[in-house]
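Enquirer: My structure is below; once you've seen it, I'll send some questions.
The values are calculated or read from the model by the stated rules, or taken from the named source; none is laboratory data. Just so it is clear, the structure is predicted and the values come from calculations on it, not from any experiment. When we count neighbours, we look across all protein chains shown, and the Cβ atoms used for this are built from the backbone with ideal geometry, even at glycine. Protein only, heavy atoms only, side chains kept; ligands, DNA and RNA dropped before computing areas. Shrake-Rupley method; radii C 1.70, N 1.55, O 1.52, S 1.80 Å.
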Amino acid sequence: PLLLPHVIDAPLTEKGRNQCLEKKHQASKLNVELVIVSPLVRALQTAHITFADHLPNNSERNVKWVAHEGTREELGLLVCNQRRPLSQTKLEFPHVDFSYLTYEEDVIWNNHRKHTSDKKGIPKRETTVDMSHRCYDFLVDFLMTREEKEIAVVGHSAWLHAMCNAVIDCGEHDHLLPMFGQAELRSIKLTFNRGVN
């Protein structure tokens, strides 16, 4: 079913919503200053349920919410990972800043399919290496430039796996290396070594 056209940008299932509700209490204890979220609907829903206490209308903390293409799930074969038109998503999530998304349609998805599809039009799944380039760009070009210190990044399991296994040095923190579970919360303290090759 994940290849069917009507599954584009699939929302959370009831099970997924319940998993998020189970993590809400844990998330409410965090002192989040910024929530960065994938522009895919299920990630936005995950963020809204899990971090409900940090929504602008529920929080005295003035938490900013930003959508960023750099945190989205694997590109290619699974249609559920294709973003729906931006105007539709903006209507459903009006307090999220979508200014870092520049196209109404999912240009990133379309370009990947265009450049990787075989003669039958079947695209290749994005590799971990390719995904790690997107992770690196997100971390260096965006996250590193932010002034906030406590940041929640709500992304997707394959993207987070690529980040922890191919981009950041997790050192002896082996608990960061396995695939992330649905609605799983993990804390990571990032230190950027500026100017070090």
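Enquirer: Would you calculate the separation in nanometres between label points at residue 53 and residue 127, each defined as 7 Å from the Cα along the Cα-to-beta-carbon direction?
Expert: Here the modelled spin labels are 4.4 nm apart.
Enquirer: Two decimals, Cα atoms only, Kirkwood Rh: what is Rg/Rh over the range 1-91?
Expert: 0.99
Enquirer: At 1.4 Å probe size, with every protein chain present, just tell me what the per residue accessible area of the range 56-197 comes to in Å².
Expert: Here the per-residue accessible area is 61 Å².
Enquirer: Residue by residue, what Karplus-based ³J(HN,Hα) values in Hz, rounded to whole numbers, does the range 153-162 have, using 6.51, -1.76 and 1.60 with θ = phi - 60° and x for Gly and Pro?
Expert: Calculated HN-Hα couplings, in order: 10, 9, x, 9, 4, 5, 5, 5, 5, 4 Hz.
Enquirer: I would also like to ask the following. Can you tell me the relative contact order of the chain? Whole percent, Cα pairs under 8 Å, sequence separation 6 or more.
Expert: 25 percent
Enquirer: Give a residue-ordered list of calculated ³J(HN,Hα) values for the range 47-54 (Karplus: 6.51 cos²θ - 1.76 cosθ + 1.60, θ = phi - 60°; whole Hz; x for Gly, Pro).
Expert: 4, 5, 7, 5, 9, 4, 6, 9
Enquirer: Now a separate question. For the range 21-125, what is the relative contact order in percent, using Cα pairs closer than 8 Å and at least 6 residues apart in sequence?
Expert: Once normalised by length, the contact order is 25 percent.
Enquirer: Let me know the number of lysine pairs in the range 24-155 closer than 21 Å at the Cα, not counting same-chain pairs under 8 apart.
Expert: 7
Enquirer: Post the alpha-carbon centroid distance, the range 28-102 to the range 118-168, in whole angstrom.
Expert: 15 Å
Enquirer: At R0 = 30 Å, how high is the FRET efficiency between residue 29 and residue 172 if r is their beta carbon distance? Nearest 0.05 is fine.
Expert: Efficiency, from the Cβ-Cβ distance: 0.75.
Enquirer: Continuing with this model, one more query. Under a crude label model (7 Å from the Cα following the beta-carbon direction), how far is residue 105 from residue 22 in nanometres?
Expert: About 4.0 nm, to one decimal.
Enquirer: Return the distance in nm (one decimal) between the two label points of a simple spin-label model at residue 150 and residue 137, each offset 7 Å from Cα along Cα→Cβ.
Expert: Calculated label separation equals 3.2 nm.
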